[in-house]
Amino acid sequence: MSAIDQVTGYWKTFFAEQLEQDYMKVLSQFLREQKQQGQVIYPASDNIFKAFEWTPLEQVKVVIIGQDPYHGPGQAHGLSFSVPAGVDQPPSLKNIFKELNRDLGITAPNHGCLEAWAKRGVLLLNSVLTVPDGAAGGHQKKGWEQFTNAALQAINDRCDHVVFLSWGRFAHGVCEQIDVNKHAVIKTSHPSPLGANRAGKDFASFVGSGCFSQANRWLMEQQIAPVNWQID
């Protein structure tokens, strides 16, 4: 599961350190055994770390936290909430595009690939980076959470001003480690149809939250160029 050649900047050092730790060796062995037993795993092995490959730590402006990859054929490709062009947009992604349109007037693309965001400093990071075919959450508590939490801690410590778009209670929990004295955590409900219109005591409804414009306003307040959320 070596991925050092895929990443640049600090992520190369980060990967070298993490891949030598016992928990990653156990995780790698688990994934090898799953494949040897005939288990189909998403995304493809060369896409597992795409979020890190396309968004170097030195370029991170926004982090969008997901839980684990889509578990249907052809959907997952290493970016949270994203699917490759030509694959039907999942319901959560459709709601993301609807809020983007409501918030910023950006017309939804005819595909669901968020690669453009990733290359503009939006780290699209799932907490768990692999999933078995048809089994959402099937690789939780196998070690991925330790890896991605360490990545988030690196962003927390090494970056000065980053916006964390925290959608849903799972993401809220993941973002508890973030230092809100130097970063912004924008909490909403999850964009899934079940939760998109729900608000809580400490978070807004995803629908109507204006989270994209909120993120850009905060970045500009820190004298950082806003994210271009347009997807061609």
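Summary table
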| quantity | calculated |
| --- | --- |
| Total residues in region 90-110, condition open to solvent by 10 Å² or more (accessible area, probe 1.4 Å), within 17 Å of Gln230 (Cα to Cα) and not in a loop (DSSP other than H, G, I, E, B) | 7 |
| Matching residues, region 129-160, being of a type in the set (Lys, Arg) and either within 25 Å of Gln34 (Cβ to Cβ) or part of a strand (DSSP E or B) (or both) | Lys141, Lys142 |
| Which listed residue is open to solvent by less than 50 Å² (accessible area, probe 1.4 Å), within 18 Å of Ala44 (Cα to Cα) and β-branched (Val, Ile, Thr), from Val122, Val87 | Val87 |
| Scan of region 9-54 for residues that are farther than 23 Å from Gly137 by Cβ and of a type in the set (Val, Ile, Thr), ordered by number | Thr13 |
| Matching residues in region 46-96 - criterion: being in contact (Cβ under 8 Å) with a residue 40 or more places away in the chain and of a type in the set (Lys, Arg) | Lys50, Lys61 |
| Which numbered condition Pro43 misses (of (1) under 19 Å from Ile231 (Cβ atoms); (2) touching a residue at least 40 places away in the same chain (Cβ under 8 Å)) | (1) |
| Within region 195-227, tally of residues that are part of a loop (DSSP other than H, G, I, E, B) and either among the aromatic types (Phe, Trp, Tyr) or closer than 25 Å to Lys119 by Cα (or both) | 9 |
| Any hit, region 94-117, residues being under 27 Å from His161 (Cα atoms), at pLDDT 95 or above, of a type in the set (Asp, Glu) and under 14 Å from the mean Cα position of the chain (by Cα) | yes |
| Filtered residues of region 189-232 (kept if under 23 Å from Pro109 (Cβ atoms) and either in contact with a Cys (Cβ under 6 Å, 6 or more places away or on another chain) or among the aromatic types (Phe, Trp, Tyr) (or both)) | Phe206, Phe212, Trp229 |
| Within region 135-151, considering residues that are open to solvent by less than 30 Å² (accessible area, probe 1.4 Å), of a type outside the set (Val, Ile, Thr) and touching a Ser or Thr at 6+ places or on another chain (Cβ under 8 Å), the one farthest from Gln89 (Cα to Cα) | Trp144 |
| Asp232 open to solvent by 20 Å² or more (accessible area, probe 1.4 Å), within 29 Å of Gln21 (Cβ to Cβ), part of a loop (DSSP other than H, G, I, E, B) and among the acidic types (Asp, Glu) | no |
| Every residue from region 161-194 that is part of a strand (DSSP E or B) and touching a Ser or Thr at 6+ places or on another chain (Cβ under 6 Å) | Trp167, Val185, Lys187, Thr188 |
| Hey, Lys25 surrounded by 22 or more Cβ atoms within 10 Å (Cβ to Cβ), touching a helix residue (DSSP H, G or I) at 6+ places or on another chain (Cβ under 9 Å), of a type in the set (Lys, Arg) and farther than 23 Å from Glu176 by Cβ or not | no |
| Hey, Pro132 under 18 Å from Leu79 (Cβ atoms) and either surrounded by fewer than 14 Cβ atoms within 10 Å (Cβ to Cβ) or more than 16 Å from the chain's Cα centre (by Cα) (or both) or not | no |
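Residue by residue, here is whether (1) crowded, with 18+ Cβ neighbours inside 10 Å; (2) closer than 16 Å to Ala204 by Cα; (3) not hydroxyl-bearing (Ser, Thr, Tyr) holds:
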position: Leu165; (1), (2), (3): yes, yes, yes
position: Phe170; (1), (2), (3): no, yes, yes
position: Val174; (1), (2), (3): yes, no, yes
position: Gln177; (1), (2), (3): no, no, yes
position: Asn181; (1), (2), (3): no, no, yes
position: Ile186; (1), (2), (3): yes, yes, yes
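The values are calculated or read from the model by the stated rules, or taken from the named source; none is laboratory data. Fair warning: this is a prediction, and the values are worked out from it, not measured in the lab. Every residue, glycine among them, receives a Cβ derived from its backbone with ideal geometry; neighbour counts consider all protein chains shown. Please note that ligands, DNA and RNA were not included when accessible areas were found on the heavy atoms of the full protein model with its side chains. Shrake-Rupley method; radii C 1.70, N 1.55, O 1.52, S 1.80 Å.
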